Amino acid sequence: MGRDERQHERTQRVTRDRVLSGGAPVEEARPEISASWRRVRAGGLAPGAEPAVAPLSEGEVESRRASSALGPLLPSITSSLSPVVDDGLLVVVTDTDGRVLWRRGRSGVRRLADRLGFVQGSAWTEANVGTNAIGTCLVVGEPVHIHGPEHYVESHTRWSCAASPVLDPWTGSTLGAVDISGPAYAVQRSVLALVGVTARLAAAEVRSEHAASLGRLRAYAAPVVARVGGRALAVDPSGHVAAVTGLTAPERLLLPADLSSASTWLPALGTVSVEPLPGGWLVRLGEEHPTASELVLDLRGRAELRVRTSSHAWQHHPSPRHTEILLALVRAPEGRTAAQLAGDLFADPGRVVTVRAEMSRLRRTLGPILQARPYRIAASVRTTVLLPQESSAAVVAPG
């Protein structure tokens, strides 16, 4: 480690000690680090804590490996990152819960990881081990580099890591995370770009498989939809539109997890009926389009969004980013501009392009419930947030 690097690490150590002891504002750290420290502190984890969640058993790990969408991609992931393994670093692949499913590395770095509890089946989340690249990237949905003293838990401050979530570009869901870790002096910020590229290549493989499936559905469903007439469309299990007649449809509908062959309601389309197709669903639109009267954002466990009309109910698990946006809008019934939301989410009012893209996705999902200029929840919708602390509820807008 060079003189400049040693000085930088000493500065980070002083910042960490001052902030976590309460002697300095958390804003002295990098924005993404200060935001993570706030989350971890709010969760009650102490800087001197040890992991509280026991690793999974071998059988449980094997079960998760078998069901992981990253399993088939493991050869390409490890091949892309083999140079860092040769350099003595550890490559880790986790599931969406931050559970370590696969590790690749030489025996020396594996032993160091073992001493930290960074073992197969361990939970590497912010709630369990504080600020770390895996847990933090799964929260923010972006690649993250955490260097030494930027970790929240003291025992991890001699360790550094860079991780990126692997996102399914077809569904928008998170499939897991890819991480490069090792002793603090060995993991430079440059590996962040490498782990980010690896995650994007894995996502591209996932997208290619989905696109082929949609093509097969389109070939089957196009004549079916044409015969049906009226207003109808065919969608794959993720809601991507394969064929349509009688309306202008978005590229994708967000379908409820419990979709079945019955009448249902979608915020973007109103009342619909669905029938199964090989590889998807036939969706027929009805005449009724009841408006939403209530929106509930439940944060007592995994974030859940529930929308009700006078006759229907719809629920969805929003991504962490969409959850943050909805919470910001609930707290500001008068609305927020793109720049204000960028400040809320990233502490950077300049990131309006990212905010507008996310709001576009949310508005395609929720239809007239979300309004623009400024972005806001429709005034007629009664909005409630269910908070984790003592299951308390905060009713923000009466509707």
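Read the figures in this text as sums done on the coordinates, not as results from a lab. Remember, it's a predicted structure, so these values are computed and weren't measured experimentally. With ideal geometry, Cβ positions are generated from the backbone for all residues, glycine too; neighbour counts draw on all protein chains shown.
Observations on the model:
- Backbone HN-Hα couplings from phi across region 86-98 [Karplus 6.51/-1.76/1.60, Hz, Gly and Pro as x]: 4, 7, x, 9, 9, 9, 10, 10, 10, 8, 5, 8, x
- Peptides 151-157, 240-246, 344-350 ordered by packing proxy, namely the average of other Cβ atoms within 10 Å per residue, highest first: 151-157, 240-246, 344-350.
- Full-extension gain in nm, residue 220 to residue 74, via 0.36 nm per residue minus C-alpha separation: 49.3 nm
- Helix-only arithmetic for the chain: the sum of -39500 (n - 2.57) across DSSP H runs with n ≥ 4, divided by the residue total, places the mean residue ellipticity at 222 nm at -11500 deg cm²/dmol.
- 5 angstrom amide H check on residue 277, placed H, neighbours 5+ away: 282
- Between residue 11 and residue 347, residue separation times 0.36 nm minus the direct Cα-Cα distance comes to 118.7 nm.
- Principal-axis tilt of helix 320-331 within the chain, Cα atoms, nearest 10 degrees: 70 degrees
- Most to least packed among 76-84, 60-68, 196-204 [average Cβ atoms within 10 Å]: 196-204, 76-84, 60-68
- Listed residue (72, 123, 169) projecting farthest to the positive dipole end of region 3-207, Cβ model: 123
- Shape call, region 229-285: gyration tensor on alpha carbons, a/c limit 1.5: rounded
- Sorted peptide list for 228-239, 108-119, 90-101, criterion being average Cβ within 10 angstrom, highest first: 90-101, 228-239, 108-119
- Count Lys and Arg as plus one, Asp and Glu as minus one, and take only other residues whose Cβ is under 12 Å from that of residue 210; the net charge is then -1.
- Amide H within-cut-off set for residue 265, under 5 Å, with H built and near neighbours excluded: 272
- Of all DSSP-defined beta bridges confined to region 294-397, some 75% are antiparallel rather than parallel.
- About the Cα centre, charge dipole magnitude for the chain (Lys/Arg +1, Asp/Glu -1 at Cβ), debye: 500 debye
- The chain: angle of helix 352-366 to the longest principal axis, Cα-based, in degrees nearest 10: 40 degrees
- Extension gain from residue 289 to residue 27, taking 0.36 nm per residue of separation minus the Cα-Cα distance: 89.6 nm
- Degrees, to the nearest 10: 3-20 long Cα axis against longest axis of the chain: 70 degrees
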